[in-house]
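The structure appears below as structure tokens.
Read-outs: derived from the displayed coordinates by stated rules, not from any lab. Everything quoted here is computed from the prediction, not taken from an experiment. Using ideal geometry, Cβ is built from the backbone for each residue, glycine included, and neighbour counts are taken over all protein chains shown.
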Amino acid sequence: MLYGEALLVRESGDEFSEIESLRDGYEGYIDTASYRVTEISSTHWVANRATLVFESADIKSVVVRRLLFGSELIVTGRSDDGRFLEVDSGGYIEAQHCMSKGAYLKLPMIEIGRQYYLNAPYLWGGRSTDGCDCSGLVQVLAMATGIDLPRDSTDQLTALSHDIEFSDRQAEDLVFWQGHVGLLESADTLFHATAHSMRCCFESLQQVIDRAGTPITIKRLV
């Protein structure tokens, strides 16, 4: 999960707690010390590859934490000069690195991938600019444009009903293999998080087909 995302605690333990993500229903276990209880919903999200939370509204002050693209925040105030947002967990963050909840990037998904995720390391189960897998990458790129997708590629494939003929494929279409998904930059170039090169990269679609086989299907989001 990304920092600040809402979750349902099914069972709390001393070390680990069983939880469900309220974004996509994903279930699993997290370190009990890594979440806190609040009745306040997040108000903003981080729209920069990464950003820093400072102890005070001063870039020379102590760094409290580092937050990644897509992290959610509860903003409680703003510095006098308007440059920083004060967050309820303590500290101040650059206002220009944040967007209000319900506001989304006015960029194509592929451009968001290029700006924020290109060369991010492959990490099975990851969804962040510090590491992500194929379906995590697709989910968070869609999220940044206001589209909700399930977490896993199999569920994403099932959730999307608009199948495209291979010959009609175009930029922004999703290409699915068994257990893998990528986003087309063009008809012949795929952007994906791949364990082959252990990073998020652009690659010839034909090269991926030669390695992984014929795609199951191609889906269009809109």
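Across region 95-186, C-alpha contacts under 8 Å between residues 6 or more apart give a mean separation that, scaled by the residue count, equals a relative contact order of 23 percent.
From the alpha carbon centroid of region 83-149 to that of region 175-203 is 18 Å.
Which order do the peptides 4-16, 68-80 come out in when sorted by mean C-beta neighbours inside 10 angstrom, highest first?
On the way: 4-16: 12.7, 68-80: 17.5.
Top of the packing list down: 68-80, 4-16.
Helix 134-143 axis versus longest C-alpha principal axis of the chain: approximately 60°, rounded to the nearest ten. Rounded to the nearest whole Hz, the Karplus-based 3J(HN,Hα) values (6.51 cos²θ - 1.76 cosθ + 1.60, θ = phi - 60°) of region 85-93 follow the sequence 9, 8, 10, 5, 7, x, x, 10, 10, with x at glycine and proline.
A crude spin-label estimate for the pair Ser100 and Arg66, with each label 7 Å from Cα along the Cβ direction, gives 3.1 nm.
If each DSSP helix of 4+ residues adds -39,500 (n - 2.57) and the sum is divided by the residues in the chain, what number results at 222 nm, nearest 500 deg cm²/dmol? So the helix-based figure for the chain works out to -3500 deg cm²/dmol. In percent, rounded to a whole number, the relative contact order of the chain is 14, using alpha-carbon pairs under 8 Å and six or more apart. Working note: Debye formula, equal point scatterers on the alpha-carbon atoms of region 1-106, no solvent; log10 I(q)/I(0) at q = 0.15, 0.17 Å⁻¹ is -0.66, -0.82.
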